[in-house]
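These notes concern the structure reproduced below.
The values are calculated or read from the model by the stated rules, or taken from the named source; none is laboratory data. Values in this document were obtained by computation on a predicted structure and should not be read as measured data. Every residue, glycine as well, gets a Cβ built from its backbone with ideal geometry; the counts of neighbours run over all protein chains shown. Side chains are part of the model used for accessible areas, which takes the heavy atoms of the whole protein and leaves out ligands, DNA and RNA. Shrake-Rupley method; radii C 1.70, N 1.55, O 1.52, S 1.80 Å.
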Amino acid sequence: MCIRDRARAERAGVRITDLSAVEAARSVDTLVLAKDGTVTTGDLTVVSVDPVEPDHDRNLRWFAGALSKASDHRVERAVATLSARGRLTGVEVVDGMGVRGSVDRHPVRVGSPQWIGFEAEPTIWTTVGVEVDGRRLGSITVADDVRPDLARDVGRLRALDVELVLVSDDTAERTRHVAELAGIETVHVTGDAGGVVHDLVSAGRAVATIGLSARAGAALAVTTGGALGDAPTIDVDDCSPARVADALTIGRATAARVRRARTVTTVSYTHLRAHETVAGISYAGFCLNRKTRLLSNTTDPRGGSFQDPLNQW
C-alpha cells in the first residue's frame with residue numbers, strides 16, 4: 001500500500017499490512033460474523049429494573065450496582081453501571097450463583113433468582129435478584145448490548161455484495177433475536193464456528209471471518225487480535241459492522257488501484273519496446289536509402305573500379 005492509502009486506512013481504524021489481504025478483500029463474497037463483539041458490543045446492558053415496591057427503585061439500583069463492581073462477570077459488569085462505588089466488605093463471588101458482601105455495612109446479595117429465592121418472569125435474557133438486609137428488593141434484567149445504527153451498518157455490508165452469516169454459541173432465541181435486529185437471515189447456533197466456515201469454503205465460497213479465531217480455510221480474517229498465522233489478515237480497532245465495511249471498502253479500492261498501476265506499467269513497457277523496434281527499423285531504412293542514393297549518384301573519374309564509400313564507415 002502507498003503512504004496515502006495506509007494513512008487513510010489508519011484514520012478509519014483499519015490496518016492492512018500486506019497486499020495479500022488487499023487481494024483477499026476484493027474476492028470475498030461471504031462474511032461469517034460472531035454474534036458477540038460484531039453486531040453486539042460483546043457486553044451486556046440493563047434493559048429492566050423491577051423493584052418489589054416502587055419506592056425501592058433507588059435502593060435497588062444503588063446496592064446492586066455497588067456490590068456488582070466487585071465482580072468481573074458479564075452480568076455483574078452490566079449491573080455495576082447502575083450506581084457509583086460504595087464501601088464494600090466481605091465480598092465473595094459464588095460460582096454459578098452471583099456475588100454477596102456488605103455495602104455500607106448492609107448485607108447484600110445479587111444473583112440468580114433461585115439463589116435469592118424467587119421465580120423470575122419468563123424472558124430470553126438474564127434476570128438477577130437483589131436482596132438487602134435479608135429482604136428481596138427486586139430484580140434486574142440484562143440483555144445483549146446491540147450496537148447503535150446496527151441495521152444501517154449491516155446494510156453497508158450488504159451493499160458490498162456479500163452474504164452475511166451470523167454464528168453464536170448463545171441460545172437460539174437470543175441469537176435469532178439479534179439477527180432479526182441486524183437484518184441477517186442466515187443464522188447458525190453452534191459452538192463449532194470453524195465447521196460453518198469449512199462448509200462454506202467447501203461449497204466454493206470466498207469467506208472472510210469477522211471476530212472469529214476459527215479460520216478453517218477462510219480467505220481473509222478481520223480481527224482485533226492482529227495476524228492469525230500466515231493467513232491474510234486485516235487488523236481493526238473493533239469488529240463492528242461499520243468498521244468491517246470500512247475495511248472491505250478500503251481493501252477493494254486499494255486492490256483496484258494496484259491493478260490499474262500494474263496495467264499502466266505493463267502497457268508502458270510494451271509501448272516502449274514497440275517504439276524501440278520501430279526506431280531500429282527506421283534507422284536501418286535510413287541507412288539503406290542513403291547507401292542507395294550514394295551508389296546511384298557517384299562515378300569513378302579515373303575509370304577504375306568503383307569503391308563504395310559506405311564500406312569505409
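Here the condition is being aliphatic (A, V, I, L, M) and either surrounded by fewer than 16 Cβ atoms within 10 Å (Cβ to Cβ) or within 22 Å of A172 (Cα to Cα) (or both); of A70, A120, it holds for A120 alone.
Let's see how each residue does on (1) within 27 Å of T40 (Cβ to Cβ); (2) without any contact (Cβ under 8 Å) to a residue 12 or more places away in the chain:
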site	(1), (2)
W62	no, no
G65	yes, no
K69	yes, no
V79	yes, no
E119	no, yes
V128	yes, no
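Residues in segment 87-108 that are open to solvent by 20 Å² or more (accessible area, probe 1.4 Å) and in contact with a helix residue (DSSP H, G or I) (Cβ under 6 Å, 6 or more places away or on another chain): M97 only. Within segment 37-49, if we keep just the residues that are modelled with pLDDT of 95 or more and of a type outside the set (V, I, T), the residue that is nearest to L212 (Cα to Cα) turns out to be D43. Looking only at segment 111-133, count how many residues are assigned to a strand (DSSP E or B) and closer than 30 Å to A179 by Cβ. Selection size over segment 111-133: 5. From the list R158, R136, the one residue that fits, being assigned to a strand (DSSP E or B), open to solvent by 80 Å² or more (accessible area, probe 1.4 Å) and out of contact with any Pro (no Cβ under 9 Å at 6 or more places or on another chain), is R136. Of all residues in segment 146-153, none satisfies being of a type in the set (V, I, T) and either in contact with a Gly (Cβ under 9 Å, 6 or more places away or on another chain) or assigned to a loop (DSSP other than H, G, I, E, B) (or both). The single condition among (1) in contact with an Asp or Glu (Cβ under 9 Å, 6 or more places away or on another chain); (2) closer than 23 Å to V178 by Cβ; (3) open to solvent by less than 70 Å² (accessible area, probe 1.4 Å) that R77 does not meet is (3).
Residue count for segment 170-198, restricted to those that are open to solvent by 70 Å² or more (accessible area, probe 1.4 Å) and at pLDDT below 95: 3.
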